Structure formats: structure tokens, C-alpha cells
Amino acid sequence: MIIRLLAIVLLLSIGLPTHARHRDLRDHGIAIGVLQPGQWNAITDVPGVAVGHTTIIRGDDVRTGATAILPHGGNLFRDKVPAAVYVGNGFGKLAGSTQVEELGTLETPIVLTNTLNVPVAMDALIDHALAFPDNGEVRSVNAVVGETNDGYLNDIRGRHVGKAHVLAAIESASGGKVEQGSVGAGTGTVAFGFKGGIGTSSRKLPGKLGGHTVGVLVQTNFGGVLSIAGVPVGKVLGKHYLSDELNGSPDGSCMIIVATDAPLDSRNLKRLAKRAMLGLARTGGIASNGSGDYVIAFSSNESVRVPYESRSPLQQVAVLRNDAISPLFLATIEATEEAILNSLFHAETMIGRDGHEVPALPVDEVLRIMEGHGHRISR
């Protein structure tokens, strides 16, 4: 109760950005792929999954935050979920990844933040796990924290994200609509030379293909040559890697979280995670030398959860056969592509550290480009 009250106080005192939100890409009539999204077109369409943000915008140079993704609302340490990690390019800091890789389970929420606040986020996750009464004898917690470097807009050396901010994100996590753009861990990020941030999307398979849902949430902070539904938008705008305007590198990072309610083990979750990189590629990302591109995939399906303790040395579960997995691959690719684009469509121009200004994606101009390439646009 104390932590929950602290979360509310922090969120009220920190405040959220006052800029208006753009709409989802899909709200403009641009549908990515062939599968349909879930109710919220968000990772929270996967039953049990919740998302929370703490956004820190202070003074002229603090533009950062934390985002928490909870696979279910219970004691995750006691009721672990199958999980896997795939590394597209490893120039980054994904804490806790080796145990996920070795054991195939996730035992804490996933927290995203900035590069230099990974340790404090881990500390907060440990506090969160140890606070459960049932975990009174726990002596080891594998906290999972991902990051991107928001140091262009944010005073990253100041390490302004504290344990209380991370706990606030966890405690405020909820299902339903997910706030996107310059919020939480995406507050100070940059993508394709424009303001990036948090984006999300989902896909629900038809009943004849199992009816399962895949949801994706991304923290975008990388570069390349922006493409939207196959249209070379970055090239047309003249703003892309190796163009005169950017005059920089495509380095950065992209954290991708893939959730599903399909009953999958860690092996097939890793196969799902690999496909998320195809979604990143479809947006024009290149996973450059200096980019940390990580995917964490998990199943929230109750039937495949792994208990911390059991009277039996055996665990028998029913999982999808390999032959049934291809529709989930497509769902992952489409949802990842759309989540990345949504992070751009929701973000707004931001000025931060040393007066650095990162423009929002020029949505009206982008929509005109899309119309010129045969798309019917809703305004």
C-alpha cells in the first residue's frame, strides 16, 4: 500500500508531458500487414500483461524515465513464465539475460530505462520481489532490465531515475490502453533522426489458426532509412542515415518486448524473438555496430508457467507444435513493425540537454508522401 501511494505521488509530482498526442499509424488509415490487431492494438491485448510508466521531465536537461512490463499480476518469482532472449546486435546492457537464456524463464517484471540507470532499476526489481510475503526466504533474484541511451536529450550522467521511480512504474502498471511516444523509458529517445519513444501494437490470430494474441512493446532509439508500409519515407524526406541532414550515425538501440498467450516453451519463444528483428528491418532499421537491439519474448499462458517449488521433479505441459508456429511469426513481425512506427507517430518535438532539439515526425508531410504512393489516408 505504501509503495502504491508513493507511485501515485510520484506520478503526480513528476507530471506527464503536456504536448498533445498523435494518433496511431492505423488511425490514419495505414494498416501494417494482413492480420488484425487486438482491442487496444497494444501488448496489453495479451491477457494478464500490464504496462506502467514513470516519466521524468525536469528543468532544461532531464528527459528520462522508466517503463515496466508485467507478464501477470501475481508473484512472478513464485509463478515464473517461459521466456527467451534474442540479440540482434549486442552493443547494450540487458541485465539478467544469461539466466533467462539458461533456464528459459522470467521471474521479475521487465523494466526499461536509460543506460546508466540499469543498476538502480535492478535494485528496485529486487526490492519488488523481496517485498512479497511468500518470498521471505528468497536469496537470489534475477532482475531483467533493458536500456537505450537517451544522453542526447537527457542529462544521463546525472542518473535521475531512482528506485522510487522504477517502483512507481511497476505499481502503476495496468492493462488496457498504453501511453506511447515520449513517455517512460522513451522520454528522451531518438529514432531515424526524429523523436522516438515507446510504441506498441498487437495481432490476434483468426480462430482457425488458434485465436492466439501477440503483443509487442518497443523502446526506439536507433537509426537507418525510415520506411512505412514499404514507402521509403526517410529517403523522400531526405533525412536518413548517410544523408546530409542527419550527418551522423544510425547507432542507438531498440528494446523489443514480445508477449503472447500462446502456450509456447522457451525454444519457440526464442524463434518468435528472432522474427521481431524482421519487423525492425521492415521499418528501415539496420542494427548498426553501435546499436543494442534486444528482444525478450514470453508467454503469459497459465498452463505453461513454471512454479518456483513443486513436489514433483517432472512438469508436464502442452505446447504448440512447430507446425503451428508460423502464424505467430507473422504476427510478431507485423506487430513489431507497427509498434516502432507508433512510437514515432505519438512522439512530439523535444528540446533537452544543451539545447538539443529533436523534431517530431512531420506527420502531415508523411501522410502526403503515403498518399502519393497509393495509400488512402484518414485525417
Phi-based couplings in Hz for region 39-51 (Karplus 6.51, -1.76, 1.60; Gly and Pro marked x): 4, 9, 6, 8, 4, 6, 5, 6, x, x, 7, 10, 10
Amide H contacts of residue 150 (H built 1.01 Å from N, under 5 Å, at least 5 apart or other chain): 115
Dipole of the chain [Lys/Arg +1, Asp/Glu -1 at C-beta], most positive-end residue of 64, 184, 285: 285
Whole-Hz ³J(HN,Hα) from phi, Karplus 6.51 cos²θ - 1.76 cosθ + 1.60, for region 108-121, glycine and proline x: 9, x, 9, 10, 10, 7, 9, 4, 7, 10, 4, x, 5, 5
Inter-site label distance for residue 135 and residue 324 at 7 Å from Cα along Cβ, in nm: 3.2 nm
Per-residue HN-Hα couplings for region 332-347 [Karplus 6.51, -1.76, 1.60; θ = phi - 60°; Hz; x = Gly/Pro]: 5, 4, 5, 5, 5, 4, 6, 4, 4, 5, 4, 4, 6, 5, 8, 7
Radius of gyration, Dmax [region 102-189; alpha carbons; angstrom]: 14.0, 43
Inter-site label distance for residue 101 and residue 265 at 7 Å from Cα along Cβ, in nm: 2.0 nm
Packing-based exposure ordering (other Cβ within 10 Å, fewest first) of 373, 28, 165: 373, 28, 165
Listed pairs 177/274; 177/208; 239/274; 163/239 exceeding 31 Å between Cα atoms: 163/239
Mean Cβ count within 10 Å, highest first, over the residues of peptides 132-140, 59-67: 59-67, 132-140
Shape of region 23-134, Cα gyration tensor, a/c cut at 1.5: oblate
For residue 62, distant residues with modelled amide H under 5 Å away: 155
Least to most buried among 277, 255 (fewest other Cβ within 10 Å first): 277, 255
Tensor-based shape of the chain (alpha-carbon gyration tensor, a/c under 1.5 rounded, otherwise prolate or oblate): oblate
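Every read-out reported here was derived from the displayed coordinates using simple, explicitly stated rules and does not represent laboratory data. This one's a predicted model, so the numbers in the text were calculated from it and none came from an experiment. Virtual Cβ from ideal backbone geometry, glycine too; neighbours counted across all protein chains shown.
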